[in-house]
Structures are given as C-alpha cells and as structure tokens.
Amino acid sequence: MIDSAAARQALLVAVVFLSAPASACSQVDSVPVDPDTESELEALGSTHVVDWDFPAGTTWRDMGSGYEDGGNAGGAGESRVVDLTEPGPWGGTKALENHFGVIPTAAQPQVGTVWWLPEPEREIWYETWVRFGPNWEIGEVAEGIVHDHKVHFMYTQAPGGSRYSNRWEWKVGIWGDAMSAAAHDHGTVGYYTLLPYDDPGSLSATATAWDGEWHRVRAHYRIGDGSGNGVMRLWWDDRLVVNYTGPRDLSDTPDRRFSGMLFGGNRNQGTAQPMSFYFGPLTLWTGEAPAWDAQPGA
C-alpha cells in the first residue's frame, strides 16, 4: 500500500475528496489511487477536486498524465503553479497562474494548462475560482484591442474523434469589454452559438472581472440527446447569468461527450506589459446535481 504522503510526492498531484450521499454524484479520478482508499471513496459517493497542490513553479510538464500543454508556445508566457501570499476564498493558497510577458501587438499568444476528464461525460457541473490581475485592462478597452480570454473552455469529442474537436466557452473581454458564452457546433446548430446573458451590460470585463479580485464561477452543461434538451447554465459570484435549456442541443451529434477543460487560452492581441490571471481549485460533479444547483434563483 502506498501511503498518501508518498503518493503526493511521487505523483505531484493532490486529490481532495468531499463526502456526499452515495446517490448524489459519481466519483472521477485523474490519477491512480490506493485500491483500499478508492473503495472507501466510492462508498462515500465522492466528488473530485483539482486543487493545484504541486510545488510552486510546477508546469503542465510535471503535473502527470492527466494534464497537457494548453498552448504555451512561442515565448508567450507560462502556465504554472504559485503559492498565494494569502489564502483564496476557498481557504487554500495554491493556484494556477497563466502569465503573459510583453508580446508584439500582432501576435496571438496562448497560455494555459489542459486537464482531461478521466472519462468522457455528457453532463457535468463544476465550480472554480478566477482572478484577473488588476492591470489586465491596460491597452485593451482604451486602445480597442480584442483579447477574447476564457473564463472556461470545455472541449468535446465524438467517439473515435479528436479530444479537441469542439468546445463550449465562457469569454471575458471579447470585443474590448463584454462577456459572452458560446458553444462551437460544427454541424446542425451552427458553428458558433452565442447565448444570451441576464443583464449583459452589468457583466462588463472592466467592471466585473478585471478588478484583481477572486470570483467564483459555476457551470452546468449537458449535451443534448437529440430531443432539444441541451443545457448551458453559468453562475458568476452566485448569480445565474446564463440559463439556456434547449430547444437546441448545443451539439452536432448526440453521442458527443465533454473530454477536458482548458485553464487559460489565447489573447487575440499582444500584451503591452506583463500580466497574469489565476485559477483556484476545480470541483467536478457528475451524476446528480450538487446542492448549489437547487438554491433559490439558480
């Protein structure tokens, strides 16, 4: 048997499990765990948390087989684990930093880390935290630069197809200041389906996201089965801002599944000065909905 301390050191991955009723959600694992521990967790009906519990400076190269390069190329910057100077709202001090250097305006730099789901899923719920550095808007709105960055980026795939083939996105700063949500569908429902926000004017990047503070984001996604029951629901700081349920399936094939998440993404223009944005821990639920999905106003 491998004790937990040795497993943490050998795998450079920390897996945090939260207790829940056995019928509430199913367990997913991104790394091997001790069989005895795994049995105990299955009995609890646990959920999975990616909490970035690696040594500071760790990049996707040393995170294990469940992680992959999210586009850190061409000298754009680096996606790396950092130790925060004070705990985040979730109580921990580990975060993933996506750092951009000074890059020519004509470039389209991309920095991030991909986490692959252990099993493809049709329906998921997740919660994470995001913080953009307080200088993030410099050279953006004032100069009309479109940087089109992602709060989340979920990949989907069809059986036997590429894990990158389609994507569902939540963007911040597109066209200078706006937020948007969309599903890329390379088939029957159109290539790019923009979803409506509740009061989108109050969800500007400068007023809502680029403030140097942590924001909790939650999502519920379901790929439709052909009957018009696709779902995209998004929460920003406990406020339901996108609530889309059909009639479109938000997928070009009912057998498509979610395959992974990109923590990071591209800027459609370069950066005038070094800047970073951060992700806190990710909690993923499958099976039945987590408790927060049933809260009043959800």
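Here is how the numbers come out for the structure above:
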| item | result |
| --- | --- |
| Looking only at segment 196-232, and only at residues there that are without any contact (Cβ under 8 Å) to a residue 60 or more places away in the chain and not in a loop (DSSP other than H, G, I, E, B), the one that is surrounded by the most Cβ atoms within 10 Å (Cβ to Cβ) | Thr208 |
| Lone unmet requirement of (1) at pLDDT 90 or above; (2) outside any strand (DSSP E or B) for Glu127 | (2) |
| Residue tally, condition modelled with pLDDT of 90 or more and β-branched (Val, Ile, Thr), over segment 54-107 | 6 |
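The values are calculated or read from the model by the stated rules, or taken from the named source; none is laboratory data. What you are looking at is a predicted structure, and each value in this text was computed from that prediction instead of being measured. Cβ atoms come from the backbone with ideal geometry, glycine included; neighbour counts cover every protein chain shown.
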